[in-house]
Amino acid sequence: MRQYLESDLGFYYAVGAFVIAVFVLGMAAVAIIDPDGVGTVELVGLAGGFFVFMLVYFISVSVQRLEDGENV
């Protein structure tokens, strides 16, 4: 595990997974504490926006990995 996190890309993937875990735990906490606090429209917008953000994040990490693989 330590060897995986010593590389930049491994660290970026770990940060992305951590952010997803925090988001999921936060949504679970809101659902438990106040189920009526977030409506369906707000939840879809929040989850959709977060999904797009994480998609762009992982695409940029993948592009970085491809750039590192080129010996230009």
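What net charge is computed for the residues neighbouring V15, neighbours being all others with C-beta under 15 Å from the C-beta of V15, Lys and Arg scored +1, Asp and Glu -1?
Within the 15 Å Cβ shell, the charges total -1.
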Order of 30-40, 56-66 by packing, highest average Cβ count within 10 Å first?
-> 56-66, 30-40
All Cα pairs of the chain, percent lying beyond 21 Å | 42
Kindly express, to the nearest 10 degrees and within the range 0 to 90, the angle between helix 8-33's C-alpha long axis and the longest C-alpha principal axis of the chain.
-> 0
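All of the numbers you see were taken from the coordinates with simple rules; none came from a lab. It should be emphasised that the depicted structure is a prediction, and the values quoted were computed from it without experimental measurement. Note that we place each Cβ from the backbone using ideal geometry, even for glycine, and neighbour counts take in every protein chain shown.
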